[in-house]
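The values are calculated or read from the model by the stated rules, or taken from the named source; none is laboratory data. Computed from a predicted model, the values in this text were never measured in an experiment. In this analysis, Cβ positions are derived from the backbone assuming ideal geometry, glycine residues included, and neighbour counts consider all displayed protein chains.
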Amino acid sequence: MIGRLWVSRNKNIPLILIRIVGNAIRLHYPDRGKGIPSSILQRQALAFGESLNQDLSLLRVGIVGCGGTGSAVAMLLGRLGIGHIALFDKDVVEESNLNRLHGAFRDDVKQKLPKVQAIARSLLGLDVKVQVFQEWINEDVCCEALKSCDVIFGCTDDHSGRLLLNRFAYYYATPVIDLGLALEVANDVGSLKFACADGRVTVLMPKHSCLLCHGVIDPVQARDENLKRTDPDEFERRKKEAYVLGEGNPSPAVVTFTTSVAIMAIEELLHRLQGWRGENNAIANRVRKFTLTIDRNQGATYNPNCPICVNQEIWGLGDRDLFLEVL
Ligand SMILES: [Zn+2]
């Protein structure tokens, strides 16, 4: 399969890569399967074959949110031989991040090092090109960069970022693998057991149900987060009057659980690229119950009126006058 883009009547540009997305993600490009074997990735080739290594080396992957899960995803993708990684996160390293932020150290807290920089530094010396965006994901420069990603990992824990990625996956037919972790300690005195310890990996793209349908995003909270960024004074005023949702207490987070969810997400990408689980074993929404030591495939949940995943009119529309018809 080859393709070209005609930019005028007599000029065309060959497509460097064609990506077919679905339960399998298939890449088409010249000389697929004829790549130069990598000595670093030789053991991986023994498991998956040379073609996967070549596919990974061409892939452009975005990681939105560079906290516990995002930093783990980045470290693992770097080792797997992904060719290009774009890191998106506005925040700097804080002391409370050090328990789970791979690649960050005490000195980074003092120097207020951006999280994206801490992670990029840990990928130096591997065959991966890293681009960093220390911006909110709805800034123009980030939106443009997202368009050139083949796959995106949604590792943000805010609702407005998730809402944007949720739309993006359908408008641009680009798989977004969204990660979530819910840890809740038990209220009853003396109980050591968690009330809830769930890791979730949800794949968003046409023919998959979206995060609104899964009840993962709260649109009201997304609105309030946006207001806080764009008009902090107004946010504070409304907070006093209890019109907006303030931030609650920080939620519990442990590196073993955040890293485990990152591994689940990358396994899903590897399966969709290479098929190692066998046919029909792509999982659109996988939930790991850490306390029960089991994984559940929680299947499709569709709201029949969903404006995103049920509305086929928007699938693959790509660029509009307004980005995603909202910004
Ligand atoms: Zn939906």
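Of the residues 270, 322, which is more than 16 Å from the ligand (Cβ to nearest atom) and in contact (Cβ under 8 Å) with a residue 60 or more places away in the chain? Working first, answer last.
Working: 322 fails: in contact (Cβ under 8 Å) with a residue 60 or more places away in the chain.
Selected residue: 270, the only one of 270, 322 that is more than 16 Å from the ligand (Cβ to nearest atom) and in contact (Cβ under 8 Å) with a residue 60 or more places away in the chain.
Within the set of pairs 6+ apart or on separate chains, which have a first residue in region 13-37 that is more than 28 Å from residue 208 (Cβ to Cβ), a second that is outside any loop (DSSP other than H, G, I, E, B), and C-beta atoms under 6 Å apart?
13/5; 14/4; 33/51; 35/54; 37/50
Criterion first (within 16 Å of the ligand (Cβ to nearest atom) and either hydroxyl-bearing (Ser, Thr, Tyr) or part of a helix (DSSP H, G or I) (or both)) does residue 301 satisfy it?
yes
If you check residue 296 against the conditions, is it modelled with pLDDT under 90, among the basic types (Lys, Arg), over 19 Å from the mean Cα position of the chain (by Cα) and more than 16 Å from the ligand (Cβ to nearest atom)?
no
Looking at residue 47 and the list (1) out of contact with any Asp or Glu (no Cβ under 7 Å at 6 or more places or on another chain); (2) part of a loop (DSSP other than H, G, I, E, B); (3) small (Gly, Ala, Ser), which single condition is not satisfied?
(2)
State whether one or more residues within region 129-148 are within 25 Å of residue 281 (Cβ to Cβ), in contact with a Leu (Cβ under 6 Å, 6 or more places away or on another chain) and aliphatic (A, V, I, L, M).
Within region 129-148, not a single residue is within 25 Å of residue 281 (Cβ to Cβ), in contact with a Leu (Cβ under 6 Å, 6 or more places away or on another chain) and aliphatic (A, V, I, L, M).
Can you tell me which residues in region 42-56 are over 24 Å from the mean Cα position of the chain (by Cα) and not charged (D, E, K, R)?
Result: 42, 45, 46, 47, 49.
Determine the pairs where a residue that is within 15 Å of the ligand (Cβ to nearest atom), located within region 209-233, has a partner that is part of a helix (DSSP H, G or I) and of a type in the set (Phe, Trp, Tyr) with Cβ atoms under 9 Å apart, the partner being 6 or more residues away or on another chain.
210/170
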